[in-house]
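The values are calculated or read from the model by the stated rules, or taken from the named source; none is laboratory data. Computed from a prediction, not measured in an experiment: that's the story for all the values here. Reconstructed Cβ throughout: ideal geometry from the backbone, glycine too, with neighbour counts over all protein chains shown.
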Amino acid sequence: MQQRAAFVIGIAAIALLCAQTARSAGGDALPRIPQALPSNGITTLTLTAQEKDGRAAMSYLGAFVPPTIRVVPGGQLRVTYVNNLALHSTEQCALGTCMDMTNLHFHGMEVSPLSGQDDVITMLAAPGQTLHYDVHVPEDVPPGLYWFHTHPMAESDEQALDGMSGAIVVEGIDRYVPLLRTMPERVIVLRTTPFAPSSPALRPLMRTLDVDSGSTCQSENQTPNQLFTVNGVFRPSIAIAPGEQQFWRIVNASADDYADIRIDGSSMRVVAFDGEPLALHDPQHPMLTFDHIVMPPAGRVEAIVTGPPAGMHAALRTHCVNSGPEGDPMHGQVLADIASNDAAPRPAPVPASSGAPTYRTVDVSKVEQSAPSFVAIFTEGNHKFYINGHLYSDSAPPMATVKVGSYVHWRIVNRTHEIHPFHIHQVHFLTYAVNGKAVANPVWTDTMNVPLQQNIDVVLDASYVDIRGMSVFHCHILSHEDKGMMAKVLFI
C-alpha cells in the first residue's frame, strides 16, 4: 500500500477553479489536446521536460499540454526529448529525492526495443541532456489508441502523476469499422492528481466531483489520495446530442489508479482495447457492448458512444474499484458531464484511410493447452515489490526469453493482498483463464489485471519481427514498478 505525501495546495486550488469554470460554461468544455501530425509519413516533434510550479512537467510548442501524436503504419516517429529539469529536484520519488532522470516509452506499440526506439533500459537523460528517438512504425502495427509516458526506473510514478504523458493514435482503425468515418472523434486522457488528506482543497473538490462516500469497495472509509482529471481539468462537460453517435478514444494515463467507467443511461460499443481492433482477431465480431468497463492504469478503450435521451442529466463517471485490503483507495467520481447541445462545435471525424484491413485469425488453442513456458510470481514485503523473489536491476540478465515469430503461454501469479496490472512491452496478449477457469469472450490487451491471490494465463503474441531485443515486463501500478516489480525479457 502506497500513501502519498502532501501535494502543492496552490495547484489543487487552481485545478478546482478550472473544474468550476468548465462546468458553468455549458456546451462543450472538454479541453482540446494539440496534435502532432504526420507529414509524408513522418511525425516529427520536440518535447521538453521542465519545471512548472515546483514539479516536473512536459511542454510542447511552449505550452504544458503534451500532444496527441498521430502516426501512420509504415511511417516514422521522430521525437527530440529535451531534459530541462532542475539538477536538484524538490520532489520525492519512490526511493528518495527525485534525480530528474527521464526518457520515453511508446506503450503498447509493437516496435523495436533497441536504442533510439522504444528503449527504456539504456536510454536515459539527466538534466541538461537530450534524447533522440527515431521509431519505425511497422506496416502491420494494429491501428488504434496507444500512449507515451516517461519510464525512468524509480521515477516513473512521480512523473506520471506530474502529467508527463500523452496519447498516440495509429491511423487506420476505420478500415476495420468503416462507420467511424462519419463520427466526431474525441481523445480523452484520464490522469490523477494527488492530495494530502489534510489539504483544504480536497473536501470541496470531492463534493464537486460527487466522490463516492458510501461505496461497497474496501476504500469506503478511506480518504482518496488521488482524483481523476479529464484532459487536464476536473469535471468538464462533453457535448453530444440525444441519439448522436461519437467515437471516444479513452486512455487511463493515471500512475496507479483503476477506472471503472460508465455513462449514465447509455452503453458503450467497444471496437478496440489497448490499441487492437476487436476485428483484428475476430472479423465477424468487430464490436462488443458494455455497460461499464474496468480500465487498469495504462488501459485504453475505443468505443462508439450514443447521446443519452433528451432531458436526462448524464455523466461519464468511474465507480469505485476494490484494490484489496492492502491496496490504495480507488473511489468513484464524476469524470465529466454530458451536455445535450446540438449547437456546440464538434471535433473532426476519424480520418479516412485507404487500403484493406488485414486480420490475425490465429488458432492459439494448442498454446493455451500447453504448459506455461514462464511463470511470473508477484510478491511484496518491506515496502518493496518483487517478481520471482527479485527486485529489478539494470544489470540483471533477462528473466525470460521469447522467440520472435511465436505465440507463447505465460502464467502470472499474484501472491499479494492487492491487485496488480500486468504489462509487457512490445507485445499484446490474450488472457484466456483466471485461476484455471476459462474467460468468457477473452480479448487481446497489453495490460491486464491480476486479482489478488489469483493467477492469469495468457498467450503472448510475439509474431511481430520488429520486436527483437531486450525489453521489460512489470506491474503498471507505477509505484510498485518503481519499487522493484519489473524484470527483463529478451526477444530473440
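Side notes on the structure shown:
- Residue match in the range 121-133 (condition: in contact (Cβ under 8 Å) with a residue 12 or more places away in the chain, crowded, with 22+ Cβ neighbours inside 10 Å, hydrophobic (A, V, I, L, M, F, W, C) and within 26 Å of W444 (Cβ to Cβ)): no
Table: residues versus (1) within 27 Å of S393 (Cα to Cα); (2) under 20 Å from the mean Cα position of the chain (by Cα); (3) modelled with pLDDT under 95; (4) not in a strand (DSSP E or B).
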position: G74; (1), (2), (3), (4): no, no, no, yes
position: L77; (1), (2), (3), (4): no, yes, no, no
position: L85; (1), (2), (3), (4): yes, no, no, yes
position: P113; (1), (2), (3), (4): yes, yes, no, yes
position: V120; (1), (2), (3), (4): yes, yes, no, yes
position: M123; (1), (2), (3), (4): yes, no, no, yes
position: G128; (1), (2), (3), (4): yes, no, no, yes
position: P138; (1), (2), (3), (4): no, no, no, yes
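- A352 vs. criteria more than 24 Å from the chain's Cα centre (by Cα), under 26 Å from F106 (Cβ atoms), outside the structural domain of E185 (by TED's automatic domain parsing) and among the hydrophobic types (A, V, I, L, M, F, W, C): yes
- Note on the range 223-318: enclosed strands (runs of 3 or more DSSP E) holding 1 or more residues that are over 30 Å from D162 (Cα atoms), without any contact (Cβ under 8 Å) to a residue 40 or more places away in the chain and not small (G, A, S) are 268-273, 288-290.
- Boolean, P197 is at negative phi, in a loop (DSSP other than H, G, I, E, B) and touching a Ser or Thr at 6+ places or on another chain (Cβ under 8 Å): yes
- Test result for P296, on the phi < 0 side of the Ramachandran plot and in contact with a Ser or Thr (Cβ under 6 Å, 6 or more places away or on another chain): yes
- When D264, D256, D274 are checked against the criterion of being of a type in the set (D, E) and surrounded by fewer than 22 Cβ atoms within 10 Å (Cβ to Cβ), a single residue qualifies: D264.
- Filter result for F195 (aromatic (F, W, Y), touching a residue at least 24 places away in the same chain (Cβ under 8 Å) and not assigned by TED's automatic domain parsing to the domain that holds G54): yes
- Residue in the range 98-105 that is in a loop (DSSP other than H, G, I, E, B), outside the structural domain of D461 (by TED's automatic domain parsing) and closer than 25 Å to P351 by Cβ present: yes
- Filtering the range 319-343 to residues that are among the charged types (D, E, K, R) and either buried (at least 18 other Cβ atoms within 10 Å of the Cβ) or without any contact (Cβ under 8 Å) to a residue 24 or more places away in the chain (or both) leaves D328, D337.
- Strands (runs of 3 or more DSSP E) within the range 392-444 that include 1 or more residues free of Cβ contacts under 8 Å to residues at least 60 places away in the same chain and buried (at least 19 other Cβ atoms within 10 Å of the Cβ): 406-414, 420-424, 429-434
- Residue in the range 61-70 that is modelled with pLDDT under 95, surrounded by fewer than 20 Cβ atoms within 10 Å (Cβ to Cβ), out of contact with any helix residue (DSSP H, G or I) (no Cβ under 6 Å at 6 or more places or on another chain) and among the hydrophobic types (A, V, I, L, M, F, W, C) present: no
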